[in-house]
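Below: the structure, in structure tokens.
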Amino acid sequence: MMVGRTLRFVNFLLDTTIYFTIILSFLMIFNGVVNKEDVKWISILLYFLYYFIFELVAGQTLGKMITKTKLISLTENKNYLFIQIFGRTLMRFIPLDMFSYLFYKRGLHDWISKTAIIKL
């Protein structure tokens, strides 16, 4: 069963909190080593890697693990899961994606990548 907007929002809040904790820890550890101009690019890279690696390897980010939800492919051919997750993660960078939940049950990154989040 696909999860609703409330649980998706909780996942978003948990993952955002975890991501910012990772970024702040990284910046504290590498304070003085990383140029301030590079922080933006490092943040973008870590954001991409956080979602991409967790969803590719486990089908779940840390936030989804906490809420016991998981990413699934809606296509029959599971050979394209890498491409689906790659595209899904890239779609998160489009500002419209965040607002797509106001109008649709599934977000833009779910719809385009043909994926969904289910409750375990």
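The values are calculated or read from the model by the stated rules, or taken from the named source; none is laboratory data. Since this is a predicted model, take the numbers as computed values, not measurements. Virtual Cβ from ideal backbone geometry, glycine too; neighbours counted across all protein chains shown. Each accessible area value is taken on the protein alone, full model and side chains, heavy atoms only, with ligands, DNA and RNA left out. Shrake-Rupley method; radii C 1.70, N 1.55, O 1.52, S 1.80 Å.
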(request) Read through the labelled values (1) 48, 29, 26; (2) 46, 34, 30; (3) 66, 39, 25 and report the label of the one computed as Cα extents along the principal axes in Å from the structure. (result) (1)
(message) Can you compute the FRET efficiency between residue 120 and residue 28 using 1/(1 + (r/R0)^6), with r the Cβ-Cβ distance and R0 = 30 Å? Round to the nearest 0.05.
(response) 0.30
(message) So if I place +1 on the C-beta of Lys and Arg and -1 on the C-beta of Asp and Glu, and nothing else carries charge, what would the dipole magnitude of the chain be about its Cα centre? I want it in debye, nearest 20.
(response) 440
(request) Quick one: pull the percent of accessible area on the chain belonging to carbon and sulfur, 1.4 Å probe, ligands and nucleic acids left out. (result) 73
(request) Roll a 1.4 Å probe over the protein heavy atoms and report the accessible area of residue 38 in Å², nearest 10. (result) 60
(message) Leaving out ligands and nucleic acids, and using a 1.4 Å probe, what accessible area per residue does the chain come to in Å²?
(response) 65
(message) Is the C-alpha gyration tensor of segment 50-120 telling us rounded, prolate or oblate? Criteria: a/c under 1.5 is rounded; beyond that, a/b larger than b/c is prolate, otherwise oblate.
(response) rounded
(request) Would you please put 89-95, 50-56 in order of how densely packed they are, using the mean number of other Cβ atoms within 10 angstrom per residue and starting with the highest? (result) 50-56, 89-95
(request) Could you calculate the FRET efficiency of residue 5 with residue 40 from 1/(1 + (r/R0)^6), where r is the beta carbon distance between them and R0 is 30 Å, rounded to 0.05? (result) 0.50
(request) For each pair in 40/119; 64/114; 68/114; 70/105, compute the distance between the two Cα atoms and list the pairs where it is over 25 Å. (result) 40/119
